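Contents: one structure, followed by commentary.
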Amino acid sequence: MFPALVAILYLPVGAWIAAGVGLMYAFRRSAPPVVLRLAATFLALWALLATTTLVWVLANGGWTAIATLLRSPLLLFDPSYVRWWLYGAVGALLVFCIAFLVNQLVGRGFLHLLRPRLLAWPPELPRPRERSSLLVYRSERPEAFSFTLLEPGTPWWSRPRRHEVVLLSAALGNLLTSQERQAAIAHELGHVRGLDSRYLTFVRTFSRMMRWDPLLAYLARSLTRREEIRADLEAVRMTGQPLALARAIYKVVTFEPPLPRAGVAGFLGATGRRGRPAALDRIQRLVALAESGKFPEPASA
């Protein structure tokens, strides 16, 4: 029984390492649902390990326990400490639940505060399979973002329904041409189709809740950059106009607001000084796609 219990305690570590290796392998080769689900598994196991370690440290003397654990890292897997693993599991589940609730509350808060109005879905673009809404709200900054809300099913005890929301600012519509606006919507639709609005927003929320953990911050940044580039490619496949999306990103990056007010969300992850190098990289990728001849731009562009 004793060795078996030790093996059970090592299972989360083995599964975490396997999820990490799978995530690194899939990062550049697999579809976003695979990558984001691997990332969610990696985060869940990492939360279990980190929370268990924190509980053990707090229960065994704080800084003294940290020094002890650094000298003997395998001490945490002693079967006598199995209850701390149970406490860690409860703590990790609590953090995940809070992150999920915060994610949902922020989305619903946007709809409540911004009071957007419904827009007709562009006939040239496919609608998501789930219930979806294209909305516009008043703002002096060009912005667009998407997220997923869970709504009660019918009857209420059945599986919740997903509501995919794409929000555009009025300033974005005024700044962009019709082709550029369609490319921007297609980019957000690419996020929806890649499950970014379900998983990536949750990963970002979770990483912000655990700001002390650089691993989570690095993972969130890497996934965000990957998914922005992938959503660009999805938009190009849907519209066939890489230069329209490149122009849209450029206009937003160089936009100077009439008042120095903070926006709700950066369009395409491109706003702000930190977003400009990534936006430049994406513009260069889109221009290269246009020059490849695979997506000839319409003469009216």
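Laboratory data are not the source of any read-out in this text; all were calculated from the coordinates shown. For clarity, every value in this text was computed on a predicted model and none was experimentally measured. Note that we place each Cβ from the backbone using ideal geometry, even for glycine, and neighbour counts take in every protein chain shown.
Some values worked out for this structure:
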{"read-out": "Long-range HN-HN contacts of Leu125 with modeled amide H, under 5 Å", "value": "none"}
{"read-out": "Potential lengthening between Ile17 and Leu75 on full extension [0.36 nm per residue; Cα-Cα distance subtracted]", "value": "19.0 nm"}
{"read-out": "Prolate/oblate/rounded call for the stretch 89-138, Cα gyration tensor, a/c under 1.5 rounded", "value": "oblate"}
{"read-out": "Folded to 0 to 90 degrees: helix 242-253 orientation relative to the chain principal axis, Cα", "value": "70 degrees"}
{"read-out": "Bridge type composition, the stretch 116-291 - antiparallel percent by DSSP, nearest 5", "value": "60 percent"}
{"read-out": "Order of Tyr87, Tyr199 - criterion: other Cβ atoms within 10 Å of each residue's Cβ, fewest first", "value": "Tyr87, Tyr199"}
{"read-out": "Å³ per residue enclosed by the Cα convex hull of the stretch 20-89", "value": "99 Å³"}
{"read-out": "Exposure proxy order (Cβ contacts within 10 Å, fewest to most) of Thr201, Thr64", "value": "Thr64, Thr201"}
{"read-out": "Semi-axes of the equivalent ellipsoid for the chain, Cα gyration tensor, largest first, Å", "value": "41, 21, 19"}
{"read-out": "log10 of Debye I(q)/I(0), alpha-carbon scatterers only, for the stretch 116-291 at 0.09, 0.15, 0.16 Å⁻¹", "value": "-0.31, -0.87, -0.99"}
{"read-out": "Among beta bridges that DSSP assigns inside the chain, antiparallel share in %, nearest 5", "value": "60 percent"}
{"read-out": "Distance between modelled label sites at Leu54 and Glu291, nm, 7 Å Cα→Cβ extension", "value": "4.8 nm"}
